[in-house]
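The values are calculated or read from the model by the stated rules, or taken from the named source; none is laboratory data. Values in this document were obtained by computation on a predicted structure and should not be read as measured data. Please note: Cβ atoms are built from the backbone with ideal geometry, for glycine as well, and neighbour counts cover all protein chains shown. Heads up: the accessible areas ignore ligands, DNA and RNA and are worked out on the full protein's heavy atoms, side chains in. Shrake-Rupley method; radii C 1.70, N 1.55, O 1.52, S 1.80 Å.
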Amino acid sequence: MGSIRTLNSSHMEDESSLGSDSEINGFTSERQADRYGFIGGAQQYSEESAQDVPPEVLRQREVKWLDMLSHWDKWMIKRFNKVRLRCQKGIPPALRGRAWLYLSGGKVKREQNQGKFQELDSQPGDPKWLDVIEKDLHRQFPFHEMFVSRGGHGQQDLFRVLKAYTLYRPEEGYCQAQAPIAAVLLMHMPAEDAFWGLVQICEKYLPGYYSPGLEAIQLDGEILFALLRRVSPLAFRHLEKYKIDPILYMTEWFMCAFSRTLPWASVLRVWDMFLCDVGVKIIFRVGLVLLKCTLGTREKLKTCQGLYETMELLRAIDPRYMQEGFLVREILEVPVTARDVEKEHHTQVKRWKKNRGELNFKPAPRMHGARIIMLAEPPRRQDLQQNPTIVLEVPEPPQKLNKGKEERKSKKKKSMKKPTALEEIPNPYPLPTDPPSQSLNPRLPAAKESALQQSTQSLSSSEQDTYL
């Protein structure tokens, strides 16, 4: 099968934005994409599954994030708790791609490996992986406008990113669950950035998940089951009674970072926290919330007396438990820390060695969150500089000569005027950690004025699955 990147231009021109996939899926030219780009499917936006942030609050958050991105190293080292809180509240959509790249360390990785992606992209790749990747392309978010067209730009970029990773890590090659991870990144950033984001997730956040044998995901399944005993003893006993192995229900959850399970508004909020706050701890918390809400009461367990009935319930989780606001609140209240995860990890590794022998694949230790990743690989200052693709050139006003004393005095008085206060706008969706009446920083610092100017600079943009 030929590479998708070798399709000739005339063939590409024949396929409009509708494409063959759209026709197969029954879409017409009058279809409307939602705010996330979905034109159908279970993950499409709905008022029930998402909570809308007022435009005024969103604008304030954008100003704050622009300031943070302009002084990233200082915020991460000195005020990381504030960065975490802002990620918990949700990253503004206009800045999410850039923020994810900074949080994951992908920005630093890209700057320190200039030209590497282009080098990998120009290579033919291993035919055994190319064939598998091409077969998986149309399965990734077929209801999203970016991937709906067979051979469209979304599928082409997805192919490039996944092929590049097989060349970057030939000992790992390609795993089917990497495709949705890469696709989510491509919805928010260009191919090169998505590649380095994928590298960071595979190597720092979820090391070993996509390696041959999938031992890391099996270990994490046992960790999840052990943590469930503390969070929901009733659900734990039920799963234990029917001998339901964690690998049966948590594999897709964890390997795809819930990108194929939750409503899209919830996926984005989970990823905001996942890439910032102690990484995989958030994935465990989401899993624990879903298990507790689905199997945590005797009334619910009456309807699933057996393995089959329980699995059916876990495959069709009640939308109420996945709603954005509800899910985020529950995640933040789960009493599981990164230390708990690591402690249980050591316990399960010992048990594995006792029962099965040594692990065949020993990945590097996972790093819990953006701050740890940055401290482990300190960036150079130039690595964090923002490189917009569009720069607006504003002509300087001509300077006036022989200014009078009165004119200089009046300008001096104007410059000494205090900046006007920014109107306070209450947060309509406070987090459990927020105080009863939280201010949204009523005064705008001078640093944020320059950050706001930077907002005029465009961001860079350019069958059944089996995971076992």
Which numbered condition residue 257 misses (of (1) assigned to a helix (DSSP H, G or I); (2) open to solvent by less than 10 Å² (accessible area, probe 1.4 Å)): (1)
Filter result (surrounded by fewer than 20 Cβ atoms within 10 Å (Cβ to Cβ) and of a type in the set (Val, Ile, Thr)) within the stretch 64-88: 77
Which numbered condition residue 151 misses (of (1) open to solvent by less than 10 Å² (accessible area, probe 1.4 Å); (2) under 22 Å from the mean Cα position of the chain (by Cα)): (2)
Residue selected from the stretch 154-185 under the condition assigned to a loop (DSSP other than H, G, I, E, B), open to solvent by 10 Å² or more (accessible area, probe 1.4 Å) and in contact with a helix residue (DSSP H, G or I) (Cβ under 7 Å, 6 or more places away or on another chain), by the criterion farthest from residue 40 (Cα to Cα): 174
The lone exception for residue 188 - which of (1) at pLDDT below 95; (2) part of a loop (DSSP other than H, G, I, E, B) it fails: (1)
Pick from the stretch 286-327, criterion small (Gly, Ala, Ser) and not in a helix (DSSP H, G or I), ranking: surrounded by the most Cβ atoms within 10 Å (Cβ to Cβ): 296
Enumeration of residues in the stretch 373-398 that are open to solvent by 80 Å² or more (accessible area, probe 1.4 Å), outside any loop (DSSP other than H, G, I, E, B) and at pLDDT 70 or above: 375
Flag for residue 349 being more than 23 Å from the chain's Cα centre (by Cα), open to solvent by less than 100 Å² (accessible area, probe 1.4 Å), under 26 Å from residue 277 (Cα atoms) and modelled with pLDDT of 75 or more: yes
Which numbered condition residue 327 misses (of (1) out of contact with any Asp or Glu (no Cβ under 7 Å at 6 or more places or on another chain); (2) among the hydrophobic types (A, V, I, L, M, F, W, C); (3) over 19 Å from residue 265 (Cβ atoms)): (3)
Cβ pairs under 8 Å, 6+ apart, first in the stretch 55-78 and under 18 Å from residue 100 (Cβ atoms) and small (Gly, Ala, Ser), second assigned to a helix (DSSP H, G or I) and open to solvent by 10 Å² or more (accessible area, probe 1.4 Å): 70/447; 70/450; 70/454
Qualifying residues in the stretch 30-63 (those that are basic (Lys, Arg) and modelled with pLDDT of 90 or more) - the one surrounded by the most Cβ atoms within 10 Å (Cβ to Cβ): 61
